[in-house]
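Undergrad: Provided herewith is a single structure, encoded as C-alpha cells, for subsequent inquiry.
The values are calculated or read from the model by the stated rules, or taken from the named source; none is laboratory data. Just so we're clear, the structure is a prediction, and the values are computed from it rather than from any experiment. A quick note on method: Cβ atoms are made from the backbone with ideal geometry, for glycine too, and the neighbour counts reach across all protein chains shown. Accessible surface areas use protein heavy atoms only, side chains included; no ligands, DNA or RNA. Shrake-Rupley method; radii C 1.70, N 1.55, O 1.52, S 1.80 Å.
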Amino acid sequence: MENEEIISNLIEAGYPARDIRVIDEAVFVGGDTRVTLQASREMLQAPPGSAEQYSSTNVVGPGVTKICINPTAGYNSYSNLSQGLDLAIANYNELGLRFTFVRGSTIGCSATIVAAISIKENNWADFPAFGLPGGSINMLPALDTYNLDINEHIITHELGHTLGLRHTDYYNTSISCLRPYPDPESDPENVGAIHIPGTPTTAVYDGSVMNACSNLGSTGEFTSTDATALRALYGPSEVPNCLNVDLTVFRGQTGAQGRCTCSSGGSGPVWGTNLYTDDSNICTAAVHAGVISTSGGTVVVEIQPGQSTYVGTTRNGVTTNSYGAWAGSFRLIGAQTPQPPPICSSFNFMSYRGQNGTQFRCNCPTASLGASIWGTDLYTDDSDVCTASVHAGVIASTGGQVTVTIQPGQGGYAGATRNGVTSYAYGYWPGSISLSP
C-alpha cells in the first residue's frame, strides 16, 4: 500500500510511469534514486514557478549546516570506495556551499548520510525528505575494481541525488549512456524536473557529473555548470565577516560549524595551536592554521570545548600566545596537518606554578647532558627539561618528544646520577615538573 501511494504521488508530481521502478520492494526514479513515502508527499507541495541543470522539488532546508557521512565497516573495507568518498566530500566542500560534508563525525551533525554497500542491482541514493538530505548512498562492491576517478565520480553523483539533483540528461539518457537506457526517463514536457537558473537546458556527453551514465574517462570533478547549479541551490545567503563573529556565544554547541570571511589575514591576538581560545582573532588563527593566506578568504569554524591549557607556536609567519584554562575553543576545518610540538626550551614553566596537573607536549631536538637540573623524578621547574628528560629515562640524548606536567613545589629535591646525567640536590623550591613519554 505504501509503494502504491509513492507511485501515485510520483505520477501526480509529473514523473512519467516509465521512470518509476520497484526494486526489492523499494521505489526508484531515474534508476538510482530511491523515493520514500515522505519524499513523494513533499513532491506534491512544490513551490510555484520554475524556480538539475535539474533538481527535484525536494531540496535540503536552510537549517542544515553540517552533513555527517558515516561509512559502514563493509564500505570502509573497499579501498577505492573509501578514498573516492573522501574525494567526493572534498568536491562539495570546495564549492563554499552553506553546508559542509564531514566524514565519520557524530558531533554537531545537522543531518547524517550512511555510506553503505548496495545489495541491489545498482548504485543508488535517497532523495531528500523533511528538509534533510537523503539518508544513504549505496555503492556496488564491483565499483572498487575501477580506477579512483570513476569511484570519485559516481560517489559525487550519488551524493548529488541526496541533495535533490536529478540527472542532467533525464530527458534523453542516451546522451551520456550512448545507448538506449534500460528504463528511459523521457519527459519531453519538462514535467517532474525543475530547471536551475543559470545552467544549460540541454545536456552533452561528459558535460556534468549528474549525467545518467559515467564513462571510463570520467574525472570525478564538477564541471562549471555543476558548480553553478549547486551554488544556485545551496550557496550561502550571506557570509558574515569573521571580525563581526563572537564565538563565545556558541559555547556548549560542540561540533557546530559556521562559515565566515576574512578580507585579510588579520593581525589580532590568538591563543593556542590547532585549538584556539574562542576570543582569538579568527582570521589570524586561520593564517596560523594554514587554511588561508594573509590575503584572506572564507573559513569554516567548528566549536570545541574549553581546554585546561593552550600552547602558543609560530607557524606561517604568525606567533600565537600560550594561556591556561579557558571556557571555550574553536578549530578551523581544513587546517594543515599539525606540526611537531614546540621546542621545550621555548617554555617558561615557572609561569605555570599553581596549575598543578596541567600538561604540555614539547619537543627536544637534542639534549645537553651538561645543563643544570635539580631533583629526581620530580625536578625544580627551572631545570632544563630536555636534560631532565634524559635523566628520567623518557628520551635518549638524541632527543624526542616529552610531556611535561606541572607539579607543586617540594620541601627538598634529591640528586642522582642516571643515564649519564647527574642532577643536583636542593632544598625548598616553589614549583616542580614531572616528565613522561
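Undergrad: Residue check: is residue 221 open to solvent by 50 Å² or more (accessible area, probe 1.4 Å) and at pLDDT below 80?
TA: no
Undergrad: Here is a further query. Only one residue in 153, 161 is closer than 17 Å to residue 75 by Cα and of a type outside the set (Gly, Ala, Ser). Which one?
TA: Result of the check over 153, 161: 153.
Undergrad: Just give me the residues in region 1-17 being modelled with pLDDT under 85 and charged (D, E, K, R), in sequence order.
TA: 12
Undergrad: Another one. When only residues in region 89-118 that are part of a loop (DSSP other than H, G, I, E, B) and among the hydroxyl-bearing types (Ser, Thr, Tyr) count, which is modelled with the highest pLDDT?
TA: Among those that are part of a loop (DSSP other than H, G, I, E, B) and among the hydroxyl-bearing types (Ser, Thr, Tyr), it is 118.
Undergrad: Let me ask something else. Working only within region 343-364, note down all residues that are more than 29 Å from the chain's Cα centre (by Cα), crowded, with 18+ Cβ neighbours inside 10 Å and part of a strand (DSSP E or B).
TA: 364
Undergrad: Quick one: how many residues across region 368-377 are open to solvent by 60 Å² or more (accessible area, probe 1.4 Å) and assigned to a loop (DSSP other than H, G, I, E, B)?
TA: 4
Undergrad: When only residues in region 113-158 that are closer than 21 Å to residue 22 by Cα and aliphatic (A, V, I, L, M) count, which is most open to solvent (accessible area, probe 1.4 Å)?
TA: Only one residue fits best here, namely 119.
Undergrad: Out of region 14-40, which residues are among the basic types (Lys, Arg) and surrounded by fewer than 18 Cβ atoms within 10 Å (Cβ to Cβ)?
TA: Passing the criteria: 18, 21.
Undergrad: With the requirement that a residue be outside any loop (DSSP other than H, G, I, E, B) and either open to solvent by 70 Å² or more (accessible area, probe 1.4 Å) or at pLDDT below 85 (or both), what does region 328-342 give you?
TA: Passing the criteria: only 331.
Undergrad: Right, something else. If residue 237 passes every condition in (1) open to solvent by less than 60 Å² (accessible area, probe 1.4 Å); (2) modelled with pLDDT under 85 but one, which one does it miss?
TA: (1)
Undergrad: Would you point out the residue of region 273-298, among those that are in a loop (DSSP other than H, G, I, E, B) and on the phi > 0 side of the Ramachandran plot, that is least open to solvent (accessible area, probe 1.4 Å)?
TA: Going through the qualifying residues, I end up with 290.
Undergrad: Criterion first (crowded, with 20+ Cβ neighbours inside 10 Å and touching a strand residue (DSSP E or B) at 6+ places or on another chain (Cβ under 9 Å)) does residue 309 satisfy it?
TA: no
Undergrad: Which ones in region 378-432 are of a type in the set (Phe, Trp, Tyr), in contact with a Gly (Cβ under 9 Å, 6 or more places away or on another chain) and open to solvent by less than 50 Å² (accessible area, probe 1.4 Å)?
TA: Passing the criteria: only 413.
Undergrad: Across region 61-100, what is the total count of residues that are open to solvent by 40 Å² or more (accessible area, probe 1.4 Å) and among the hydroxyl-bearing types (Ser, Thr, Tyr)?
TA: The qualifying residues number 5.
Undergrad: Separate question: If residue 59 meets every condition in (1) in a loop (DSSP other than H, G, I, E, B); (2) under 19 Å from the mean Cα position of the chain (by Cα) apart from one, which number is that one?
TA: Failing condition for residue 59: (2).
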